[in-house]
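Written below as structure tokens is the structure these notes are about.
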Amino acid sequence: MMMAQKSNSIYRIYLEEAGSQSPELVELVKEILGCTLKEAGFLIRLTPRVIKDGLPLDIAQKYVNEMRRLGATVSIISSEKKPLTAEECNALAFQYHLAKDYAKHFEYFVKAAQLGHAPSQHELGGYYWGWNNVPKMVDPDKNTAIIWLTRSAEQGYLESQRALGAFYNPLSSFCDKDIMDKDKTIYWLTKAAGQGDKKAKQSLKELGVTV
């Protein structure tokens, strides 16, 4: 006996291959995401990726059927059975940003960061530091910003290493006197310089450190 589908189940659309990337497919992705045609065209070129998460089955199936008709290779996956990966959360955060749904954008950035996605950890640090140019999602908290930036930098993410080097640097305009720390400045700038970062090398030179 077949069990009835739970009414509260939600699904995601996963685009494996865009096929011909026809104008009709681009238009459909635009409709799904609520973004511009240019943004939709850019997104489908980044396949494979999650196109939409959290859809009721009937709506998800409708979109999947139409995308398949247009030549795309696409899957419909139960959100409850297969948790999103860090990369998928980051992709969804980006898509919600394009759709100007900043609450969802922030929600998926947090999920990606919690799953260890270094670029998302960097962006989340930016939210708490206050440099991200989006509607305010959280109150500024530099201690929390440092935590997320450090997690990102420890994974070798250059942008976070450079940012920490600036935030701890007593010679930097970004430095807060409460977290000023020359040793940490040199540590993170040296890490960034080791990846060839010219700005980090110049900052070390200004501190009298030979690279």
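Would you check which residues across region 62-76 are surrounded by fewer than 20 Cβ atoms within 10 Å (Cβ to Cβ) and either in a strand (DSSP E or B) or without any contact (Cβ under 8 Å) to a residue 24 or more places away in the chain (or both) and list them?
Correct list: LYS62, ASN65, ARG68, ARG69, THR73, SER75, ILE76.
Determine whether TYR14 is modelled with pLDDT of 90 or more, of a type outside the set (Val, Ile, Thr) and over 15 Å from PHE94 (Cβ atoms).
Details: modelled with pLDDT of 90 or more: no; of a type outside the set (Val, Ile, Thr): yes; over 15 Å from PHE94 (Cβ atoms): yes.
Answer is no for this residue.
All but one of (1) hydrophobic (A, V, I, L, M, F, W, C); (2) touching a His at 6+ places or on another chain (Cβ under 8 Å); (3) surrounded by fewer than 17 Cβ atoms within 10 Å (Cβ to Cβ) hold for ALA93; which doesn't?
Going through the list (1) hydrophobic (A, V, I, L, M, F, W, C); (2) touching a His at 6+ places or on another chain (Cβ under 8 Å); (3) surrounded by fewer than 17 Cβ atoms within 10 Å (Cβ to Cβ), ALA93 breaks only (3).
Restricting attention to region 163-178, does a residue exist that is closer than 20 Å to HIS117 by Cα and either buried (at least 18 other Cβ atoms within 10 Å of the Cβ) or in contact with a Phe, Trp or Tyr (Cβ under 6 Å, 6 or more places away or on another chain) (or both)? Please lay out each step first, then the result.
Initial filter on region 163-178 (closer than 20 Å to HIS117 by Cα): 163-164.
Now narrow it down to the ones that are either buried (at least 18 other Cβ atoms within 10 Å of the Cβ) or in contact with a Phe, Trp or Tyr (Cβ under 6 Å, 6 or more places away or on another chain) (or both): 163-164.
Checked against the condition, which is being closer than 20 Å to HIS117 by Cα and either buried (at least 18 other Cβ atoms within 10 Å of the Cβ) or in contact with a Phe, Trp or Tyr (Cβ under 6 Å, 6 or more places away or on another chain) (or both), region 163-178 yields at least one hit.
Please go through region 102-156 and give me each residue that is touching a His at 6+ places or on another chain (Cβ under 8 Å) and either outside the structural domain of LYS191 (by TED's automatic domain parsing) or loosely packed, with under 15 Cβ neighbours inside 10 Å (or both), ordered by number.
Within region 102-156, HIS105, VAL134 qualify.
Only one of TYR157, TYR128 is aromatic (Phe, Trp, Tyr) and either touching a Ser or Thr at 6+ places or on another chain (Cβ under 6 Å) or without any contact (Cβ under 8 Å) to a residue 12 or more places away in the chain (or both). Can you tell me which? Lay out the reasoning, then the answer.
Details: TYR157 fails: either touching a Ser or Thr at 6+ places or on another chain (Cβ under 6 Å) or without any contact (Cβ under 8 Å) to a residue 12 or more places away in the chain (or both).
The conditions single out TYR128.
If I filter region 123-131 for residues that are touching a Gly at 6+ places or on another chain (Cβ under 8 Å), in a helix (DSSP H, G or I) and under 27 Å from GLU206 (Cβ atoms), do I get at least one hit?
Taking region 123-131 as the starting set, the residues that turn out to be touching a Gly at 6+ places or on another chain (Cβ under 8 Å) are none.
No - not one qualifying residue is present in region 123-131.
Pairs needed: first member in region 178-205, under 22 Å from ILE147 (Cα atoms) and at pLDDT 90 or above; second member anywhere, surrounded by 14 or more Cβ atoms within 10 Å (Cβ to Cβ) and hydroxyl-bearing (Ser, Thr, Tyr); C-beta distance under 6 Å; at least 6 residues apart or different chains.
Between residues of region 178-205 that are under 22 Å from ILE147 (Cα atoms) and at pLDDT 90 or above and residues that are surrounded by 14 or more Cβ atoms within 10 Å (Cβ to Cβ) and hydroxyl-bearing (Ser, Thr, Tyr), the close pairs are LYS184/TYR168; THR185/TYR168; LEU189/SER203.
What is the number of the single condition among (1) free of Cβ contacts under 8 Å to residues at least 40 places away in the same chain; (2) over 25 Å from LEU46 (Cβ atoms) that ALA163 does not meet?
Condition (1) is where ALA163 drops out.
Among the residues of region 69-85, is any in contact with a helix residue (DSSP H, G or I) (Cβ under 8 Å, 6 or more places away or on another chain) and of a type in the set (D, E, K, R)?
Residues of region 69-85 that are in contact with a helix residue (DSSP H, G or I) (Cβ under 8 Å, 6 or more places away or on another chain), as a first pass: 70-72, 74-76, 84.
In the following step, the residues that additionally are of a type in the set (D, E, K, R) were identified as none.
Checking region 69-85: not a single residue is in contact with a helix residue (DSSP H, G or I) (Cβ under 8 Å, 6 or more places away or on another chain) and of a type in the set (D, E, K, R).
I'm told LEU37 meets every condition in (1) surrounded by 16 or more Cβ atoms within 10 Å (Cβ to Cβ); (2) closer than 30 Å to GLU123 by Cα; (3) in contact with a helix residue (DSSP H, G or I) (Cβ under 8 Å, 6 or more places away or on another chain) except one. Can you identify the failing condition by its number?
In the conditions (1) surrounded by 16 or more Cβ atoms within 10 Å (Cβ to Cβ); (2) closer than 30 Å to GLU123 by Cα; (3) in contact with a helix residue (DSSP H, G or I) (Cβ under 8 Å, 6 or more places away or on another chain), LEU37 misses (1) alone.
The values are calculated or read from the model by the stated rules, or taken from the named source; none is laboratory data. Not measured: the values here are computed from a predicted model. We place every Cβ from the backbone using ideal geometry, glycine too, and count neighbours over all the protein chains shown.
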